Amino acid sequence: MMTESPLRLGIAGLGTVGGSVVELLQSQKEILRQRCARPLEIRAVSARDARRSRGVSLQGMEWVEDAVALAHRDDIDVVVELIGGADGVAFDLCRSALEAGKHVVTANKAMLARHGFELAQLAEHRNRALAFEAAVAGGIPIVKALREGAAANSVESVTGILNGTCNYILTTMAKTGAPFADVLAEAQQLGYAEADPGFDIDGWDTAHKLTILASIAFGVRPAFQSISVEGIRFIRAEDVRAASELGFTIKLLGVARMDRSGISQRVYPCLVPLRSPISHVDGVHNAIEFSGDYIGQVMIQGRGAGGGPTASAVAADLVDIANGRLSTTFGQPATALAEARPMDGQASEGHYYLRFLLHEQTGAVARLAAVLSKHGVSIRTLVQKDESQSGDVPLYLTTHRCAESAMRAALAEVQASSDLAAPPMLLRIEYF
Ligand SMILES: NC(=O)c1ccc[n+]([C@@H]2O[C@H](COP(=O)([O-])OP(=O)(O)OC[C@H]3O[C@@H](n4cnc5c(N)ncnc54)[C@H](OP(=O)(O)O)[C@@H]3O)[C@@H](O)[C@H]2O)c1
């Protein structure tokens, strides 16, 4: 390719992702030179601690103490924000950079989920890129696949395993039969889970990514606050075992779909059939499945985090900018993005898995079935176990499709019954 003036980068954040971006740009220099109309050149970098060794050479790059100052330098064309955090320095930097007419590349899903609309407006106003392939599912090129590849489709749904920590925990529980707390502790030792794991296991990380995907898929503003979020803390080894016996595995999914009540965006652990491709996405891997009216069903999987894959996604965005390929942030002009309404969960329908612990009393199972039936909840499969040491009877069942409101009403009535020895457990089932 013809070599023009370099595309000058200012990189803020030199941690797992930032350090890998610097390393990749150095070691893949030849490939990138061939694929870019303009060579990529790191002019300046910024992080908190100038004395910390980064494991990469920073020679020829100016160290900048205040990351936000990168936004105001005349010798920088693209600010690469790899600090993280929804607000604070990261947001100040991105906003200032776009206002100053610079392109922004970021991996920051938390910031985009909260401020994506405002930043997209700014980018468009200045005709600059706000690129974020790395923010969703690390190295998996889902943003481009959905935004560009499926541009001619009306998208019906987007579903993803978007958090490697949760997928590792659930996969390990299924393989070993170990309880949640033990597997979480092991994941922390292996570095797959943070010391404070709530952000991952309570579903917030998945929700950030789903917000971004839903914006692209359905043309709505990122609206993190309108997502319903459940995590995986309450999943027990017995649920994982029962799911397997019933022909399912449990995954934490982010699910955005068009239904009768509008666009629903939800994060929840659910059962998926063992025969579905998504059930075989194991360990720290991520996968996203979407379907459109012309493209049909598409699934891509790969490494959703880690320095290498995430740096690869950052670099892909830089190649686009160097070649003058600027996309609208969420696939259509920001002014055209509709406001995402909070969804009405009660209006949705689905299949369900239920776990009950019943006192051993004559007719208890029949009474339970009668309550479910009264509310229009029909049982599809039922497994009764003789495994409780207390003499109580565990019961696992799946239902045919029914309204969520009916399911909740049935559960409320069952919970008031003296047959129950413990609160019931409800999980959705997603068929692929
Ligand atoms: N890690 C992944 O696998 C992954 C995957 C996808 C997306 N992401 C996203 O990528 C971003 C970075 O993640 P990471 O894992 O690389 O984080 P990290 O390892 O914690 O690195 C953060 C970097 O930001 C720097 N920093 C923190 N506060 C700063 C400030 N006020 N001014 C300047 N620099 C500051 C830190 O400096 P010091 O090094 O000096 O402390 C560090 O270099 C986040 O938005 C994250 O969500 C990460």
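Miscellaneous remarks
- Each Lys and Arg adds +1 at its Cβ and each Asp and Glu adds -1 at its Cβ; summed about the Cα centre, the range 302-432 shows a dipole of about 200 debye.
- The share of Cα pairs per 20 Å bin across the chain, counted from zero up to the longest distance, runs 25, 50, 20, 4, 0 percent.
- Normalised by residue count, the range 228-346 yields a Cα convex hull volume of 170 Å³ per residue.
- Of the residues ARG401, ARG380, ARG95, the one with the largest accessible area comes first in the ranking ARG401, ARG380, ARG95, computed with a 1.4 Å probe on protein heavy atoms.
- Charged-residue dipole, Cβ positions (Lys, Arg, Asp, Glu), the chain about Cα centre, Debye nearest 20: 600 debye
- Base-10 log of normalised Debye intensity for the range 289-405 (one unit scatterer per alpha-carbon) at q = 0.14 Å⁻¹: -0.87
- Descending semi-axes in whole angstrom, ellipsoid equivalent of the range 146-273, from the Cα gyration tensor: 28, 16, 12
- For ASP259, the solvent-accessible surface with a 1.4 Å probe is about 50 Å², rounded to the nearest 10.
- Stokes-Einstein diffusion coefficient of the range 276-352, Kirkwood radius over Cα pairs, 25 °C, 0.890 mPa s, in µm²/s: 148 µm²/s
- Based on C-alpha pairs under 8 angstrom that are at least 6 apart in sequence, the chain has a relative contact order of 16 percent.
- Number of Lys pairs (Cα under 28 Å; 8 or more positions apart or on different chains) in the chain: 16
- Pairwise centroid distance, computed over Cα atoms, of the range 31-55 with the range 126-161, Å: 25 Å
- The heavy atoms of ILE379 present about 60 square angstrom of accessible area, all protein chains included, probe 1.4 Å.
- Compared with the rule-of-thumb size 2.2 N^0.38 Å for a compact globular protein, the range 100-179 has a Cα radius of gyration ratio of 1.44.
- Compactness ratio for the range 22-136: Cα radius of gyration over 2.2 N^0.38 Å (N = residue count) comes to 1.07.
- For GLU186, solvent-accessible area (1.4 Å; no DNA, RNA or ligand), Å²: 70 Å²
- Integer Hz, Karplus 6.51/-1.76/1.60 couplings in order for the range 18-31, x for Gly and Pro: x, x, 5, 5, 4, 4, 4, 4, 7, 6, 9, 4, 5, 4
- Solvent-accessible surface of protein heavy atoms, probed at 1.4 angstrom with all chains present, puts HIS375, HIS72, HIS351 in the order HIS72, HIS375, HIS351, largest first.
- Solvent-accessible surface ranking, highest first, for TRP204, TRP63 at 1.4 angstrom: TRP204, TRP63
- Taken about its Cα centre, the range 194-276 carries a charge dipole of roughly 420 debye when the Cβ of each Lys and Arg holds +1 and the Cβ of each Asp and Glu holds -1.
- From helices alone, the chain scores -10000 deg cm²/dmol at 222 nm; the rule is -39500 (n - 2.57) for each run of n ≥ 4 DSSP H residues, then divide by the residue total.
- Using a cutoff of 8 angstrom between alpha carbon atoms and counting only pairs six or more residues apart, the relative contact order for the range 133-199 works out to 21 percent.
- For GLY101, net neighbour charge (Lys/Arg +1, Asp/Glu -1) across residues whose Cβ lies under 9 Å away: +2
- Ranking ALA334, HIS285, ALA313 by how far each Cα lies toward the positive end of the dipole of the range 243-384 (charges on Cβ) leaves HIS285 at the top.
- The range 248-366: relative contact order in percent, alpha carbon pairs under 8 Å with at least 6 residues between: 21 percent
The values are calculated or read from the model by the stated rules, or taken from the named source; none is laboratory data. This one's a predicted model, so the numbers in the text were calculated from it and none came from an experiment. FYI the Cβ positions are ideal-geometry reconstructions off the backbone, even for glycines, and counts take in every protein chain you see. Accessible surface areas use protein heavy atoms only, side chains included; no ligands, DNA or RNA. Shrake-Rupley method; radii C 1.70, N 1.55, O 1.52, S 1.80 Å.
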